[in-house]
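The values are calculated or read from the model by the stated rules, or taken from the named source; none is laboratory data. It should be emphasised that the depicted structure is a prediction, and the values quoted were computed from it without experimental measurement. Here the Cβ positions follow ideal geometry from the backbone for every residue, glycine too, while neighbour counts run over all protein chains shown. Just the protein is used for accessible areas: all its heavy atoms, side chains included, with ligands, DNA and RNA removed. Shrake-Rupley method; radii C 1.70, N 1.55, O 1.52, S 1.80 Å.
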Amino acid sequence: MSGSVGRRRFLVLAGTALAGLGAARAAGQQPLPGGGESGRLYDPRAAGRPRDPVGESQNDPEIIAIEKQLKCTCGCNLDVYICRTTDFTCTYSPALHDEIVALNASGLSADQVIDAYLAKYGPEFRMAPKPEGFNLAGYLVPGAVVLAAGTALALMLRRRSLVASAAAVEAGAVAPRPAGPGGGADGPLAVPADATPEEADRLRRALEEVES
Amino acid sequence: MTLLGQFALWAAFLLALWTAAVGFSGAWRGRPGLALAVRRGVYAILGALLVASAALWYGIVTHDFNIEYVAAYTSRNLPKPYLISAFWAGQKGSLLFWAAVLGIFAALAQALTPRRHHGLLPHVAAVTSVTTAFFVAVMLFGDSPFARLAFTPPDGRGLNPQLQNIGMVLHPPMLYLGYISITIPFAFAIAALLSRRLDAGWLGAIRKWTLVSWLFLSIGIVLGMWWAYVELGWGGYWAWDPVENASFLPWLTMTAFLHSVMIQEKRGMLKRWNVALIVATFLLSIFGTFITRSGVIASVHSFAQSGVGYFFLAFLVSAGILSFTLLYTRWPELEPESRLESTVSREAAFLFNNLLLVGIAFSVLWGTLFPILSEWLQGTKVTVGPPFFNRVNVPLGLLLLALTGIGPLIAWRKASAGNLKRQFAASAAVGLAVAAALLASGMRDGYAVAALTLAAFVGGTIVQEFWRGVRARQRMHGEPAPLALMRLVGRNRRRYGGYIVHVGIVLMFAAFAGMAFKVDQEATLRPGESVTVASPFGHELGFTHLGVSQYKALNRIVSAATVQVTRDGRPLGVMKSEKRQHVDSFDRPTFEPSTEVGILSGLREDIYVVYAGSVGGTEEAVYRFTVNPLVWWVWFAGGVLVFGGLVTMWPGASTPNERRQSQSGYEVPLAEVRS
């Protein structure tokens, strides 16, 4: 077979190639439109469950605020919002989202949506217990315990400080040395017994400089 | 090898029982010969546990899928680093890991304890041996890592994709090291109670151990937060999950101990409290293990539900009753040597600090157990999630943050008004200025404003302490500032290391406040389409979807979605988020596809991109874009905290007199004043 190509054939081939190149180039230059065909994935199953396009409700702050108060029923222990935006294998949370959107769209307030959800699935599907009845203890006990212990501690310290002051006065001692050079914030730094008054004075001044 | 492993476990169990029995009786009868035998017993237990561990390692690396554990957690194509972490990825392996590490710590306690504390060692060996015997018993009579299958599968199931992350290679061992090393201070405390050597000696013996435990726990907790952030894909790092709480509880009580022990060392007070804190810390570490392994409380992190949880419950109750009974019997011998003199003093501030730390621990424990309590008392199941914990704990945390600034600067014994003014005026002014600036800039989240204000106040007190110390050294020694700073820290490691830890805590609180301004947005994008997200810092982030590519890696098929990111129109770079379908060596899918997030981390904010999946099997992708303010600072703060801990425990100037001086204030040698 001869490898030669006639002039006409050559021109046709060259023209076709140029046209093809031009078309390819034009396609390449086309600004990424967001309107063109999306390429198909080689193995769609490897990219997880097929997703529906994001609807407006999925970014709706009111819906999200409701979802963050309700637990997903799939057993993940997460709220509906986190589950549907994190665990993409969950089939429950997208359906629960739709349910919440439908309840909201039917004119119910956020509290009513939550009540309707809990009435259907049970009170344990609220992310935190409603602060009423026994649950109120859940909220108040830690603070109350800390407050009670803190008050008891403060009273005990106050009583002891009064006792200590009284004992000091009775003993004729000077009241506890106030904060300042050689005491206070930096602790009681006693002047050595063998220090001369001048040395003690210089030490005090040095400490004053340190603390100033 | 499984036979050898099982035999080694039995040997470790019997040796542990023998060592415990001889340790208690030898200490009681005061026979030095028995003390030596006990020490050798501890080393022998370690030897047996290392043999058992080696047997499991061998099974893992040689892909012996006839071993149930190896088949359940590894596969032939599992990358090598995860073959290592598979050792502790499952319940059975982690039990063996726990026992082996406890064996190492027990042996180190015997080998490294200074001679002056040797009187305590037989009891210490007995307590560590009882604990080791318990863990080995759980394996022998509950969940053996050497159980074999009736058949040999050609390949294993592989490791859960969420555990195939460097964070999961490092986080569990760090946390375990923290949990396990708590046993040593606990053993010394019990030894001190049993032997009635209740002076401050036993505190000296455990000071380093408690710091080691605290440091490992801190590293483990921060790494766990980091793993949750980069791997779980929800854009946060702490969810108040029961298992997370379980790691936080002993950290809180140990932090309380590290503060209150200073009062015992300096003033001879809080002896009973300190013993109680150490016992509580140990019990909480066992409680955490019980929570993780029993399935009694729902958690996203726990191991599969199994009966071994009840072994832990029995051990927890027994250890609690015995320890507190022992403490009660020694109560009169733990009288304080001095009394608190003022409500406005450093001792009092430390007491309130302890109250808050233990109060927060109680609050977290209360919230974690409240579902069980509610079911018992009311017959109603409830869920206690992040909204509850945030509401209850954030105010307590803010109070604690305030005390972090107040405690270290207030005077010992009694502080005067002048002292308070001199110490706090500047820092309070800094805090108020920050509050005013935040409010003027429009910030209206009360907790965030409070956290940042208090962070500024506490940061101010710490800077002031360093500044005064450096200036004092400069004046007295004529040192340049960097040298003065280094020597200041080097010669008062415990004090200034503590301040560095406080810097870490302050930064962490400030970073936590950033999460109040987190922004999330979902979008569906075809190649070339863009979406913009408003950053809480006022700029606009643009995301343009570039496409989805698929390729095969070692043990997975990867679908990688890429986006180009801009800030106010200026390009920041390209980010990638992946779906990973893990497969075994026969290309069979092993788990549901998992998600790998893309993170572009910055000082102000993290840009967090999650590829949720594709529409109709095309490149049209569903994304979640999240802007997380100040997250980088959480990890930086974790590093600062660990660095501070290392400075504190670094060996050095530590005669009792030096310690007293370094805690009480700047060291001002009289000789320097004389010259």
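Before moving on, here are some points about what is shown:
- Qualifying residue in the stretch B:526-540 (condition: open to solvent by 10 Å² or more (accessible area, probe 1.4 Å) and closer than 22 Å to B:ARG580 by Cβ): yes
- Qualifying residue in the stretch B:425-438 (condition: open to solvent by 20 Å² or more (accessible area, probe 1.4 Å) and within 14 Å of chain A (Cβ to nearest Cβ)): yes
- Considering B:TYR310, B:TYR328, the condition of being more than 7 Å from chain A (Cβ to nearest Cβ) and at pLDDT 95 or above is satisfied by B:TYR328 alone.
- Residues (within 23 Å of B:ALA402 (Cα to Cα) and surrounded by fewer than 16 Cβ atoms within 10 Å (Cβ to Cβ)) located in the stretch B:448-483: B:VAL463, B:TRP467
- Residue check, B:LEU398 part of a helix (DSSP H, G or I), facing another protein chain (nearest Cβ under 7 Å) and farther than 30 Å from A:ALA167 by Cβ: no
- Residue list for the stretch A:135-145, restricted to those being open to solvent by less than 60 Å² (accessible area, probe 1.4 Å) and facing another protein chain (nearest Cβ under 8 Å): A:ASN135, A:GLY138, A:TYR139, A:VAL141, A:PRO142, A:GLY143
- Taken together, B:PHE146, B:PHE151 contain a single residue that is crowded, with 24+ Cβ neighbours inside 10 Å and not assigned by TED's automatic domain parsing to the domain that holds B:PHE591, which is B:PHE146.
- Members of the stretch B:503-546 found to be more than 7 Å from chain A (Cβ to nearest Cβ) and on the phi > 0 side of the Ramachandran plot, listed by number: B:GLY538
- Residue check, B:VAL574 open to solvent by less than 50 Å² (accessible area, probe 1.4 Å) and touching a residue at least 12 places away in the same chain (Cβ under 8 Å): no
- Enumeration of residues in the stretch B:347-373 that are more than 24 Å from the chain's Cα centre (by Cα) and more than 7 Å from chain A (Cβ to nearest Cβ): B:GLU347, B:ALA349, B:PRO371, B:ILE372, B:LEU373
- Restricting attention to the stretch B:248-275, the residues being farther than 18 Å from B:ASN390 by Cβ and modelled with pLDDT of 90 or more number 16.
- Within the stretch B:484-503, tally of residues that are touching a His at 6+ places or on another chain (Cβ under 9 Å) and open to solvent by 60 Å² or more (accessible area, probe 1.4 Å): 1
- Within the stretch A:122-131, the set of residues being part of a helix (DSSP H, G or I) and open to solvent by 60 Å² or more (accessible area, probe 1.4 Å) comprises A:PRO123 only.
- Taking the stretch B:589-645 as the range and being of a type in the set (A, V, I, L, M) and either in contact with a His (Cβ under 8 Å, 6 or more places away or on another chain) or within 11 Å of chain A (Cβ to nearest Cβ) (or both) as the test, the residues that pass are B:VAL597, B:VAL610, B:ALA612, B:VAL615, B:ALA621, B:VAL622.
- Residues of the stretch B:144-158 classified as closer than 25 Å to B:ALA8 by Cβ and in contact with a strand residue (DSSP E or B) (Cβ under 9 Å, 6 or more places away or on another chain), total: 5
- Counting only strands (runs of 3 or more DSSP E) that sit wholly inside the stretch B:561-601, those with at least 1 residues that are under 26 Å from B:THR618 (Cβ atoms) and touching a Pro at 6+ places or on another chain (Cβ under 7 Å) are B:570-582, B:594-596.
- Within the stretch A:81-100, being more than 14 Å from chain B (Cβ to nearest Cβ) and aliphatic (A, V, I, L, M) holds for A:ALA95, A:LEU96, A:ILE100.
- Filtered residues of the stretch B:374-388 (kept if more than 8 Å from chain A (Cβ to nearest Cβ) and part of a helix (DSSP H, G or I)): B:GLU375, B:TRP376
- A Cβ distance below 9 Å, combined with a sequence gap of six or more or placement on separate chains, defines the contacts here; from the stretch B:73-92, residues that are within 15 Å of B:HIS171 (Cα to Cα) and touching a residue at least 60 places away in the same chain (Cβ under 8 Å) reach residues that are among the β-branched types (Val, Ile, Thr) and part of a loop (DSSP other than H, G, I, E, B) in the pairs B:TYR82/B:THR74; B:ALA86/B:THR74; B:ALA89/B:THR74.
- Of everything in the stretch B:334-346 that is more than 9 Å from chain A (Cβ to nearest Cβ) and in contact with a Leu (Cβ under 9 Å, 6 or more places away or on another chain), the residue that is least open to solvent (accessible area, probe 1.4 Å) is B:LEU334.
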